Amino acid sequence: APPATSEVVTPPSQIDRETARAHLVLPKPRLRGRNATTIAVCGAGHRIGTTTQAMQLCLYVKAMGYKAAVIEMSVSSLTPYTQIIYNDKTCILATKTKYDYLILDYGAFGELSEVADYLRNDILVAVCGAKPSEVDLVSDILRVDNGTIHYVFSFVPQRDRDDILKSMSPFDERTYFAGWTPDYFLYSGNDELYGYITGQLKAKETVQKKGGLKWPFGRKRK
């Protein structure tokens, strides 16, 4: 387990509603005639925290007063019954009228049957890892980046985070780090991370960098 942090974060569910709303930038979606915002979450590989981050996003927006649900989109994780519904897609269309947010858990990126299906969603999230065996998997997602994917790295010690940000240039403005979440059914309280991803907090400011651009993870651009 990573070392314990002294930082105390108050989950939005533990503060009064007016204070929580004061931090919001975007207005709450209209309740009448809902057309849910879809947040697509995929992982660079297996067992990298994809479902955990999908659940955390759901818990965050629910704590902010929105109506949200998580939907399993990975075909390999579906039962024969749910595969029929998934292939028909009617359940997704019907659900969009009942919720403010739908968090779609696509599982491993390498197993997507159609990458375009993931990319067409409103908000895109890729859960990554910093292990040597996981770096190439992250590169596969970077190749299809349409300029909007948010990268969440799991299990990265504080001392290694600056190196990860440097290696992710020029995608570092959309790169974040998730803390240790032993139970993904409990909200971690990381309001800043999930506020940036959902757009309810202002995005990180652009930082002007000196020197030539490099491909992610240290590879120079040819």
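The values are calculated or read from the model by the stated rules, or taken from the named source; none is laboratory data. Note that the coordinates shown come from a computational prediction; the quantities given were computed from them, not determined experimentally. Cβ sites come from the backbone with ideal geometry, for glycine too, and all protein chains shown count toward neighbours. Keep in mind that these areas ignore ligands, DNA and RNA; they rest on the heavy atoms of the full protein, side chains included. Shrake-Rupley method; radii C 1.70, N 1.55, O 1.52, S 1.80 Å.
At a glance:
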| item | result |
| --- | --- |
| Residue list for the stretch 143-162, filter: among the acidic types (Asp, Glu), open to solvent by 40 Å² or more (accessible area, probe 1.4 Å) and within 20 Å of GLY45 (Cβ to Cβ) | ASP160 |
| Complete set of residues in the stretch 112-125 that are open to solvent by less than 100 Å² (accessible area, probe 1.4 Å) and not in a strand (DSSP E or B) | LEU112, GLU114, VAL115, ALA116, ASP117, TYR118, LEU119, ASN121, ASP122 |
| The stretch 54-65 - residue that is open to solvent by less than 10 Å² (accessible area, probe 1.4 Å) and over 10 Å from TYR187 (Cα atoms) and, of those, modelled with the lowest pLDDT | VAL61 |
| Residue identified as at pLDDT below 90, assigned to a helix (DSSP H, G or I) and surrounded by 14 or more Cβ atoms within 10 Å (Cβ to Cβ) among ASP140, ASP136 | ASP140 |
| Search result, residues across the stretch 143-162 that are assigned to a loop (DSSP other than H, G, I, E, B) and either more than 21 Å from TYR106 (Cβ to Cβ) or not hydroxyl-bearing (Ser, Thr, Tyr) (or both) | ARG143, VAL144, ASP145, ASN146, GLY147, ILE149, PHE155, VAL156, PRO157 |
| Matching residues, the stretch 66-78, being modelled with pLDDT under 85 and open to solvent by 70 Å² or more (accessible area, probe 1.4 Å) | SER76, SER77 |
| Lone unmet requirement of (1) modelled with pLDDT under 95; (2) surrounded by 15 or more Cβ atoms within 10 Å (Cβ to Cβ) for LYS131 | (2) |
| Residue count, the stretch 180-204 (criterion: on the phi > 0 side of the Ramachandran plot and touching a Pro at 6+ places or on another chain (Cβ under 8 Å)) | 1 |
| Within the stretch 163-183, tally of residues that are more than 22 Å from GLY199 (Cβ to Cβ), open to solvent by 30 Å² or more (accessible area, probe 1.4 Å) and in a loop (DSSP other than H, G, I, E, B) | 3 |
